[in-house]
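Note sheet for the following structure.
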Amino acid sequence: MDYFEELRSLVQELGLRVTSLHAPQLSAVQTFSSKARHEIMTRFLEIASLFQGDLLVVHPYHIFRSYEVACSFLSDDSPGTGNFMVPEFPSVLANAKENGLRIAIENIAHWHDHPLLNEPRNMLKLVSSLDSETVGVDLDIFHSELGGTTFEFLDKLRDHILSLHLCDFGDSRNRTLPGKGRVNWEKLAGLIGNLEKLDYIVMEVAGQFEDEELGCSAGYLRGVFGLEP
């Protein structure tokens, strides 16, 4: 953790409070190594704890043994049980529980010929199979808009959603600032009261924007969601 002190100093200097972290993308080599995935999740649980956060967001490939295993597990004729996780994932769950942390699995399709966890029934199947209060869902609105499943997620996964990643869906199927795309934010805001386990709403920014643009978008979201500045 050679960069932790530098990060902590920057957080303190800016007067920020860290509540959740996102586990990083894996390299092609790391996706073939369950040990590497275990080390990454363990390390970022530790960093979250050091920052006094309590949530780590992960992607599907941090959990599933392989693409083929994921497809088999998520198939209609699968009972949703079996040896689908990387061997070390149960110890990651135990580590999180012991330290008062939770893990939120993001709805995303890493292999573009299969919806994976960007399909509500697949996500529900996974979190139900894990059957752990330590595990929940991070709903990324850009991803769910890509699949046309935003409001189905909010309905079927309402008892499991721990955090929301907010990013709008642009005309060119690109990420853009909330309020500048096609997402029906008013309808979405009207439903978040049903999400009893929702703790964090995060504006996820991709690309370079002026401070004024970011401020306007953040203000728009605060108004729609009825949040304090």
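Where a number appears in this text, it was derived from the coordinates with a stated rule and is not lab data. Given the structure is predicted, the values throughout are model-derived calculations rather than measurements. Note that each Cβ is placed from the backbone with ideal geometry, even for glycine, and that neighbours are counted across all protein chains shown.
Here the chain is assigned +1 on the Cβ of each Lys and Arg and -1 on the Cβ of each Asp and Glu. Its dipole about the Cα centre then comes out at about 360 debye. Counting only DSSP beta bridges with both residues in the chain, the antiparallel share comes to about 15 percent.
Among the lysines of segment 17-225, pairs at least eight places apart or on separate chains and with Cα atoms under 17 Å apart come to 4. Volume per residue of the convex hull around the Cα atoms, evaluated for segment 17-225, comes out as 128 Å³. Comparing LEU195, LEU45, LEU14 in a Gaussian network model of the chain where C-alpha atoms under 10 Å apart are linked, the largest mean-square fluctuation is found at LEU14.
Sorted largest first, the principal axis extents computed over the alpha-carbon atoms of segment 61-138 equal 37, 23, 19 Å.
Quick check on the chain: helices-only [θ] at 222 nm, where DSSP H runs of length 4 and up contribute -39,500 (n - 2.57) each and the sum goes over total residues. Nearest 500, please.
-12000 deg cm²/dmol
Taking LEU154, LEU16, LEU214 in turn, the Gaussian network model of the chain (Cα-Cα springs below 10 Å) assigns the largest fluctuation to LEU16.
Within the listed set ALA96, ALA70, ALA206, the residue fluctuating most in the Gaussian network model of the chain (springs between alpha-carbon atoms under 10 angstrom) is ALA206.
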